[in-house]
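Please treat every number below as a calculation from the coordinates, not as lab data. Quantities reported herein were computed from a predicted structural model and do not represent experimental measurements. All Cβ positions, glycine included, derive from the backbone under ideal geometry; neighbour counts span all protein chains shown.
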Amino acid sequence: MAYDRIDVPDGTRIELADPETGELDVPEDPIVPVIHGDGIGTDVAPAAKRVLSAAAEATGRSIEWLRLYAGGRARERYDEHLPAETVEAIREYRVALKGPLTTPVGAGYRSLNVALRQTLDLYANVRPTYYLEGVPSPMTAPEEMDMVTFRENTEDVYAGIEWEADTDEVERVREFVEEEMGFDDVMHEGPIGIGVKPITETGSKRLVREAIDYAVENDREKVTLVHKGNIMKFTEGQFGEWGMEVADEEYPDDEVFAAPDSLWEEQDEVDVPEGAVMVEERLADAMLQWMQLRTDEFDVLAMPNLNGDYLSDAAGAQVGGLGVAPGGNFGHGRMLAEPVHGSAPKRAGQDMANPTAMVLSGRFMFEYVGWEDAGDLVRDALEAQIASKRVTYDIERQIEGGERLGTSEFAAEVTERVASTA
Ligand code: NAP
């Protein structure tokens with residue numbers, strides 16, 4: 001595609017080295033697309049780029065940022081919210097960083113974020129959830145949290161197949177369900193909204209495969225499939241069954257071990273082959289409490305869309321919440337890294353927001369391209385900065401004796417630490 005409206009910098013592309021495995025060929029000077037985004041994106045994205053560029057340089061590399069536009073900025077420049085070249089550049093350059101985007105009202109789709117994920121079929125939303133020393137947390141032992149959640153990104157009740165009350169469509173669906181499918185005593189009389197919850201074998205298996213591959217490659221011990229299969233047998237239950245099939249049939253037992261009967265039995269006694277990743281199932285409601293009460297027992301979680309939305313936010317809250325929660329969307333050898341938080345309009349443009357979540361999303365991107373050393377520099381620098389208690393408002397208001405810094409000042413100090421500890 002010709003990029004007439006964007007400035008492509010000098011640098012080298014990240015290419016796909018192996019289409020089978022999704023392995024990438026990453027140069028030392030990659031072109032990395034970046035969308036600053038809306039609201040506080042205009043504060044945290046430039047701050048994060050500064051820290052990440054410094055970490056790349058400190059490890060003998062450079063990042064050539066390719067600025068792309070989406071959301072309000074794209075609307076101002078091109079009179080559209082999601083220009084084709086933004087999507088195509090992410091497709092072509094493979095690994096990109098994105099700030100939050102405000103969902104425009106009445107734009108014909110529900111969310112730009114969803115549109116981006118769907119167009120590029122980034123089917124796995126992945127959040128590494130770990131504790132940064134010094135961040136205020138509601139837990140007594142937040143450091144026990146070191147979990148990576150894989151949330152299916154394309155189907156479930158989020159697929160958007162639903163009908164509004166008092167429309168002809170919803171009444172036709174009701175009639176079909178009652179009269180043709182025989183559920184004639186389930187739905188109450190009067191106005192009704194109806195949605196459909198599609199869970200496919202393809203969608204479930206590719207998500208679980210990503211989670212298992214991640215666990216194997218990153219020396220994790222366990223993958224937990226989280227669902228409500230006891231109630232929603234043919235959707236959530238099927239997710240669990242298909243997921244266990246992946247574990248059982250696609251990997252050797254000494255690499256991945258599918259624990260039998262894990263829904264109903266304690267797993268302490270299971271004889272897992274030495275070094276193998278254990279794959280188990282857990283029910284979502286119980287999992288929400290175990291995540292708090294038995295945090296250190298869990299490792300990698302794989303979930304349908306709705307469970308993933310709830311559980312990943314709850315896990316993030318245990319280690320300090322939105323200001324520090326990174327994430328990324330994956331599929332077909334591509335990654336779009338983005339913080340969990342939104343555009344927080346009331347804090348926008350005030351040089352106030354915490355850039356940590358965006359910086360850590362960049363760290364996650366570094367890990368994906370094999371730059372773990374640069375990622376560790378970033379994490380160490382953030383922890384040292386938080387330990388100094390010179391922090392942004394969201395952390396400062398929760399700790400004793402803290403000093404409040406703006407976004408850019410905080411990022412400048414973290415950048416200095418990255419450069420000086422290299
Ligand atoms: P939000 O933007 O995440 O903000 C909610 C609150 O969380 C903020 O008011 C602020 O709390 C705190 N917060 C979030 N990020 C922070 C940061 N970096 N530093 C410090 N505090 C932070 O959620 P929202 O207000 O529900 O959503 C606003 C817009 O963002 C919506 O249009 C939504 O659709 C969009 N959104 C986009 C994405 C995405 O792009 N992936 C994700 C979620 C939401 P205090 O008020 O306590 O300071």
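List, in the order given, every pair from Lys98/Lys197; Lys197/Lys233; Lys49/Lys222; Lys205/Lys233 whose Cα-Cα distance in the structure shown is over 22 Å.
Working: Lys98/Lys197 29 Å; Lys197/Lys233 12 Å; Lys49/Lys222 33 Å; Lys205/Lys233 17 Å.
Listed pairs above 22 Å: Lys98/Lys197; Lys49/Lys222.
Go through the stretch 1-86 and name the GluC sites (Glu not before Pro) that are in a DSSP coil and have 13 or fewer other Cβ atoms within 10 Å of their Cβ. Present the calculation step by step, with values, prior to reporting the outcome.
Working: sites: Glu15, Glu20, Glu23, Glu28, Glu57, Glu64, Glu76, Glu80, Glu85; in loops: Glu20, Glu28, Glu80.
Those satisfying the criteria are Glu20, Glu28, Glu80.
Kirkwood hydrodynamic radius of the stretch 224-363 from all distinct Cα pairs, in Å?
17.1 Å
First select every other residue whose beta carbon is under 12 angstrom from the beta carbon of Pro30; then total the charges, Lys and Arg +1, Asp and Glu -1.
Local net charge: -3.
Check Leu16: other-chain or 5+ apart residues with amide H under 5 Å from its amide H, H built from backbone geometry?
Those lying under 5 Å, H to H, from Leu16 are Asp25.
What is the angle, in °, between the Cα long axis of helix 238-249 and the longest principal axis of the Cα atoms in the chain? Nearest 10 is fine, range 0 to 90.
Tilt relative to the chain: about 70 degrees.
Find which of Val135, Ala337, Ile6 sits farthest along the positive direction of the dipole of the chain, computed with +1 on the beta-carbon of Lys and Arg, -1 on that of Asp and Glu, about the Cα centre.
It is Ile6.
How high is the FRET efficiency between Glu400 and Glu297 when r is their beta carbon distance and R₀ equals 22 Å, given to the nearest 0.05?
0.10
Along the charge dipole of the chain, which of Phe257, Val319, Ala215 sits closest to the positive end, that is, farthest toward it, with unit charges on the beta carbon of Lys, Arg, Asp and Glu (+1, +1, -1, -1)?
Of Phe257, Val319, Ala215, it is Val319.
Report, in deg cm²/dmol and to the nearest 500, the calculated mean residue ellipticity at 222 nm for the chain, where each DSSP H run with n ≥ 4 adds -39500 (n - 2.57) and the sum is divided by the residue count.
Per the formula, -11000 deg cm²/dmol.
Check Asp38: other-chain or 5+ apart residues with amide H under 5 Å from its amide H, H built from backbone geometry?
Leu101, Thr102
Restricting to Cα atoms and excluding each atom paired with itself, what does the Kirkwood estimate give for the stretch 1-156 in Å?
Numbers: mean 1/r = 0.0567 Å⁻¹.
The answer is 17.6 Å.
When only alpha-carbon atoms count, how far does the chain stretch along each of its three principal axes, as whole angstroms with the largest first?
Here the spans come out as 66, 56, 48 Å, largest first.
Using a 10 angstrom cutoff on alpha carbons, build the Gaussian network for the chain and name the most mobile of Thr103, Thr129, Thr224.
Taking springs between Cα atoms under 10 Å, the residue moving most is Thr103.
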